[in-house]
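What follows is one structure encoded as structure tokens, with my remarks underneath.
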Amino acid sequence: MTWTLVPAAGSGRRFGGEVPKQYLRAAGKPLIEHALEALLSHPGVDGAVVALAEGDARWPGWTSLHGKPVITCSGGGERADSVLAALLALPAGTTDNELLLVHDAARPNLHATDIAALIAAANGCADGAILAAPVRDTLKRAGAGNPDGNPCIAATESRDGLWRALTPQAFRRDLLRRALERARADGLVATDEAMAVERLGRHPALVEGREDNLKVTTPADLALAEFLLARHA
């Protein structure tokens, strides 16, 4: 079986407001509902574990979507803590070799073609695979600021070989568990799963994904997500 793990314990402080961003609505549904429906409607995904904040009163109480199980557990203070908690909450009998897809709850515009490409790549690479997008913009490194508070350009950086990490990210259960536990033991806050896996000397595959698989972090992102979701509603 292939399970998806969805860390959803964050408060969305960077977005602002009282509603955690995973529960903000776009095209008539919370972002997390769009994300779960995209994942669980895919024939290659068999179930989901969602890591929630303690006492999350906004969770709708789903136990299944698209006829597939939805399990919840308590998440942690950091993303990696929530992913590890979700991994440990998988049903008894889940083997170490089973593929796990980790996806951001605030990425609502995930397409089936990307899920299929990611699963195929992860099945062909023992180190796992992630959706990603090549960096196409010119990159500037910031230096000291002007009196008005705006930083000045210190240098232009090469974008050759640089990619933006997206989700889902796909790894075998045993590899992901070992990577997250090692990062925790070393006191490292891994900003994505691939970062933790790389520290074990592994090299996950990069699978080019759609640029519109955006993560909602600002009000402008939410407006764009609303537009994109409405187009294929």
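Work out the P(r) tail for region 37-82: percent of alpha carbon pairs separated by more than 12 Å, whole number.
Numbers: 643 of 1035 pairs.
Of the Cα pairs, 62 percent sit more than 12 Å apart.
Going highest first, how would you order 205-218, 177-190, 142-155, 103-116 by mean Cβ packing within 10 Å? Numbers along the way, then the final one.
Working: 205-218: 17.5, 177-190: 16.0, 142-155: 8.7, 103-116: 21.9.
Ranked from most to least packed, the peptides come out as 103-116, 205-218, 177-190, 142-155.
Can I get the semi-axes of region 172-233's equivalent ellipsoid? Compute them from the C-alpha gyration tensor as square roots of 5 times the eigenvalues, in angstrom, largest first. Please report the intermediate quantities before stating the final value.
On the way: eigenvalues 207, 42, 17 Å².
Values for region 172-233, descending: 32, 15, 9 Å.
Work out, in µm²/s and without decimals, the Stokes-Einstein translational diffusion coefficient of the chain at 4 °C, 1.567 mPa s, Rh from Kirkwood over C-alpha pairs.
Values: Rh = 18.5 Å.
It diffuses with D of about 70 µm²/s by this estimate.
Read phi for every residue in region 119-136 and hand back ³J(HN,Hα) as whole Hz from Karplus 6.51 cos²θ - 1.76 cosθ + 1.60, θ = phi - 60°, with x for Gly and Pro.
4, 4, 5, 5, 5, x, 9, 5, 8, x, 7, 9, 6, 7, 9, x, 6, 10
Relative contact order of the chain, please, whole-number percent, based on alpha carbon pairs below 8 angstrom and at least 6 residues apart. Please report the intermediate quantities before stating the final value.
Numbers: 461 pairs, mean separation 55.4, N = 233.
Contact order relative to length: 24 percent.
Where the accessible area of region 51-106 is counted over protein heavy atoms with a 1.4 Å probe, how much of it, in %, is carbon and sulfur?
It is 50 percent, rounded to a whole number.
Please report, in whole Å, how far the alpha carbons of region 30-116 spread along each principal axis, starting with the longest.
33, 32, 23
If you wrap a convex hull around the C-alpha atoms of region 113-233 and split its volume per residue, what is the figure in Å³?
On the way: hull volume 19.9 nm³, N = 121.
With only Cα atoms used, region 113-233 gives 165 Å³ per residue.
Using C-alpha positions alone, give me the convex hull volume of region 1-75 per residue in cubic angstrom. Walk me through the intermediate numbers first.
Values: hull volume 7.0 nm³, N = 75.
Here the figure is 94 Å³ per residue.
The values are calculated or read from the model by the stated rules, or taken from the named source; none is laboratory data. Only a predicted model underlies this, so the values are computations on that prediction, with no experimental measurement involved. Note: ideal-geometry Cβ built from the backbone for every residue, glycine included; neighbour counts use all protein chains shown. Just so you know, the surface numbers come from the protein's heavy atoms only, side chains and all, with ligands and any DNA or RNA stripped out. Shrake-Rupley method; radii C 1.70, N 1.55, O 1.52, S 1.80 Å.
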